[in-house]
Amino acid sequence: MLHFSHLEKITERLDEKHYRLQLMYNKSDETEIVIRILSFGPLLRVQEPAGFIELLRHRLRKQLALRADK
């Protein structure tokens, strides 16, 4: 939660270990938000919106392609 403390958000506790977090951000900050979310690895699951999920997938594909070139 500290990683996103500067953003407006809605947090919902689902159970003992799981939370739903809805972030509101400026479109100009989207790349930074993608990087922050990816830094959590498999600890986070993005459920929506579909366009943001596609941005995450694109970024991961790009990183895999860079790794394959080495």
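The values are calculated or read from the model by the stated rules, or taken from the named source; none is laboratory data. Bear in mind the structure is a predicted one, so any value in this text is a computation, not a measurement. Quick reminder, even Gly has a Cβ in these numbers, built from the backbone with ideal geometry, and neighbours come from all protein chains shown.
So the values come out like this:
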read-out: Criterion violated by L14 - all others in (1) at pLDDT 95 or above; (2) of a type in the set (A, V, I, L, M); (3) surrounded by 10 or more Cβ atoms within 10 Å (Cβ to Cβ) satisfied; value: (3)
read-out: Qualifying residue in region 20-43 (condition: aromatic (F, W, Y), in a helix (DSSP H, G or I) and out of contact with any Leu (no Cβ under 8 Å at 6 or more places or on another chain)); value: no
read-out: Neighbours by Cβ (under 8 Å, 6+ apart or cross-chain): first from region 44-60, among the charged types (D, E, K, R); second in a helix (DSSP H, G or I); value: R59/V34; R59/I35; R59/L38
read-out: Boolean, A50 is out of contact with any Phe, Trp or Tyr (no Cβ under 9 Å at 6 or more places or on another chain), modelled with pLDDT under 95 and surrounded by fewer than 10 Cβ atoms within 10 Å (Cβ to Cβ); value: no
read-out: Residue match in region 53-70 (condition: surrounded by 10 or more Cβ atoms within 10 Å (Cβ to Cβ) and assigned to a loop (DSSP other than H, G, I, E, B)); value: no
